[in-house]
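First the structure, in the form of structure tokens, and then the observations on it.
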Amino acid sequence: IYQEKECILRPEQCIAYLFKELKSYVKAEECENFVITINPQWSENQRRAIINSCRIANIKCSCLLNAPTAAAITYIMQHRQRLPKPNQKSVYVAFVDIGGSGMTVSISEVKQQSVQMKAITFTEKVSGSLLTQLFENYLIQKVKEKYHINPSENPRDMLRFKIAVEKAKKILSVNSNCQFEVHSIMNVDISFVVTRKEFND
């Protein structure tokens, strides 16, 4: 409801609003044209929807760039000295991107100032949210064994438990272990050490 009237917003309008918000974080005089990265699996209709969102948001989109290509370009910029020179033979690099909803693997032929995508594949069988879910199930089982309670029986407690699981996952990405703590879950304070090996397993 907007100004006491019911209105239906199309996805393009919602995305345009997000683009406007993002643009507000950059100074307009420093950034006039934008390159937007997208999932390589997107259809032509989905790509056109993003372009339409840019028009609605009054943003100049120079191009839509597949996310694996953007990753390869970033890699070249960060590791230029390690790569073959423009007149030398290219090397192959694999990029693995585990996102929230799936995993993309791409093979690129790269050298300084040059990138050529050779293959891209995508699967929804591996994703950040799936890894989080598996980790969450494991931690719930540990809580059941140690404290004899089931956090999933209470929606409010489970929400706090999920936040703690996400935090632990992030900590274990750079540390070998972490203290998993959730206070007052079903009137019990949960606290135990979780190792990266447990998460990897």
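The values are calculated or read from the model by the stated rules, or taken from the named source; none is laboratory data. Only a predicted model underlies this, so the values are computations on that prediction, with no experimental measurement involved. Heads up, the Cβs are rebuilt from the backbone with ideal geometry, glycines too, and the neighbour counts pull from every protein chain shown. These accessible areas exclude ligands, DNA and RNA; they are computed on the full protein's heavy atoms, side chains included. Shrake-Rupley method; radii C 1.70, N 1.55, O 1.52, S 1.80 Å.
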>> From the helices alone, meaning DSSP H stretches of at least four residues, give me the mean residue ellipticity at 222 nm for the chain, per-run term -39500 (n - 2.57), in deg cm²/dmol to the nearest 500.
In response: -13000 deg cm²/dmol
> If ligands, DNA and RNA are left out, what is the accessible area of T195 with a 1.4 Å probe, given in Å² to the nearest 10?
Replying inline: 50
> What FRET efficiency, computed as 1/(1 + (r/R0)^6) with R0 = 41 Å and r the Cβ-Cβ distance, is obtained for C31 and N200, rounded to the nearest 0.05?
Replying inline: 0.55
> Separation of segment 39-104 and segment 134-195 by C-alpha centroid, Å?
Replying inline: 36
> What Cys residues in the chain are without a partner cysteine, judged by a Cβ distance under 4.7 Å?
Replying inline: C7, C14, C31, C63, C178
>> Can you give me the accessible area per residue for the chain, using a 1.4 Å probe, in Å²?
In response: 69
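Of K89/K118; K170/K197; K142/K170; K89/K125, which pairs sit farther than 24 Å apart, going by alpha carbon to alpha carbon?
Working: K89/K118 15 Å; K170/K197 14 Å; K142/K170 19 Å; K89/K125 35 Å.
Over 24 Å Cα-Cα: K89/K125.
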> What does the accessible area of S191 come to, in Å² to the nearest 10, when a probe of 1.4 Å is used?
Replying inline: 40
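Checking the a/c ratio against 1.5 first, then a/b against b/c, what shape does the Cα gyration tensor give for segment 24-130?
Values: a/c = 2.12, a/b = 1.25, b/c = 1.70.
It is oblate, given that a/c is not under 1.5 and a/b is not larger than b/c.
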> Angle between the Cα long axis of helix 67-78 and the longest principal axis of the chain, 0 to 90 degrees, nearest 10?
Replying inline: 80
> In the chain, carbon and sulfur make up what percent of the accessible area (probe 1.4 Å)?
Replying inline: 52
